[in-house]
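In what follows, a structure is listed as structure tokens, so that the remarks can point back to it.
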Amino acid sequence: MLTCFLDNDVILKLSAFDLFDETLSILNLSWQQLQVVSSAQYTFRGKRYINQYSEPVCQKAIAIARQCQIVTVESISEFALLNGVKKIDAGEAELIAATANREVFWLVTGDKNCLEALATAPNLESICNRLRGRTICLEQLIYKLIELKGFTWVQERIIVGQECDRAIKIIFGWSEPASEATVLEGLQSYINDVQLRSQGLLANL
């Protein structure tokens, strides 16, 4: 069975955009397939996140984290290796290390710096090979949702929570709403940039 590893950033932003359930649908996932770090629901209670996302959004993220499975890291040495790389935080290291014992998985992350660090670190080649084509970024999910649910439907939800993500705010229109063509072009440009910087880690959705 496919396992989907979710980082905290994606959970928070999909909660802010009210797009989490729809994301499960387009990826054909059940709750039993989702895994998060054990600290996720406690992290979302922090003042920094509440100030950035709002109390209701953080409560929604906590509820999501509680329904997910907790990751299990079998390769402690791999976790230590990842955790020692600049721009890869402990949470991302834990999720990535947990993929070592999974044959079929998605890694869904909002941390572009982490992906670039993975691709450029000289001692992570085998890990990158495992993740190549199995990694999904937030912008890919939004692009896919527009394709399947329609631009207006997605735009209405993004506008409500766009203050939480500067890149998304720019793509969807800083001062006034952008057109569908402009948004799709902006999302694709961002995806292409992440794919380039990560040296091909992103999946083809």
Task: Members of segment 86-115 found to be surrounded by fewer than 19 Cβ atoms within 10 Å (Cβ to Cβ) and out of contact with any Asp or Glu (no Cβ under 8 Å at 6 or more places or on another chain), listed by number - done: K86, A90, R102, E103, V104, N113
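Yes/no per residue for (1) in a helix (DSSP H, G or I); (2) of a type in the set (D, E); (3) surrounded by 13 or more Cβ atoms within 10 Å (Cβ to Cβ); (4) at pLDDT 95 or above:
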| site | (1), (2), (3), (4) |
| --- | --- |
| Q140 | yes, no, yes, yes |
| K144 | yes, no, yes, yes |
| I168 | yes, no, yes, no |
| E185 | yes, yes, yes, yes |
- [ ] Would you point out the residue of segment 51-100, among those that are in a helix (DSSP H, G or I) and of a type in the set (S, T, N, Q), that is nearest to S38 (Cα to Cα)?
- [x] Q67
Open item on the list: Cβ contacts < 9 Å: first residue within 19 Å of V154 (Cβ to Cβ), restricted to segment 26-38; second residue aliphatic (A, V, I, L, M) and assigned to a strand (DSSP E or B), any location; separation 6+ or different chain. Result?
Closed with: L27/V108; L27/I136
Task: Residue that is aromatic (F, W, Y) and touching a Ser or Thr at 6+ places or on another chain (Cβ under 7 Å), where the choices are F172, F105, F151 - done: F105
Open item on the list: I'm trying to understand the selection: among the residues of segment 3-20, which are among the hydrophobic types (A, V, I, L, M, F, W, C) and either in a helix (DSSP H, G or I) or at positive phi (or both)?
Closed with: V10, I11, L12, L14, A16, F17, F20
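Looking at K47, K13, which is the one that is closer than 22 Å to I159 by Cα and of a type in the set (K, R)?
Only one candidate qualifies: K13.
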Task: Scope segment 57-78; condition at pLDDT 95 or above, farther than 19 Å from M1 by Cβ, surrounded by fewer than 18 Cβ atoms within 10 Å (Cβ to Cβ) and not hydrophobic (A, V, I, L, M, F, W, C); matching residues - done: Q59, R66
- [ ] Taking E125 as meeting all but one of (1) loosely packed, with under 14 Cβ neighbours inside 10 Å; (2) in contact (Cβ under 8 Å) with a residue 12 or more places away in the chain; (3) within 25 Å of S77 (Cα to Cα); (4) over 16 Å from the mean Cα position of the chain (by Cα), write down the number of the exception.
- [x] (2)
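The values are calculated or read from the model by the stated rules, or taken from the named source; none is laboratory data. Predicted model, so just to flag it, every value in this text is computed and none were measured. Cβ atoms come from the backbone with ideal geometry, glycine included; neighbour counts cover every protein chain shown.
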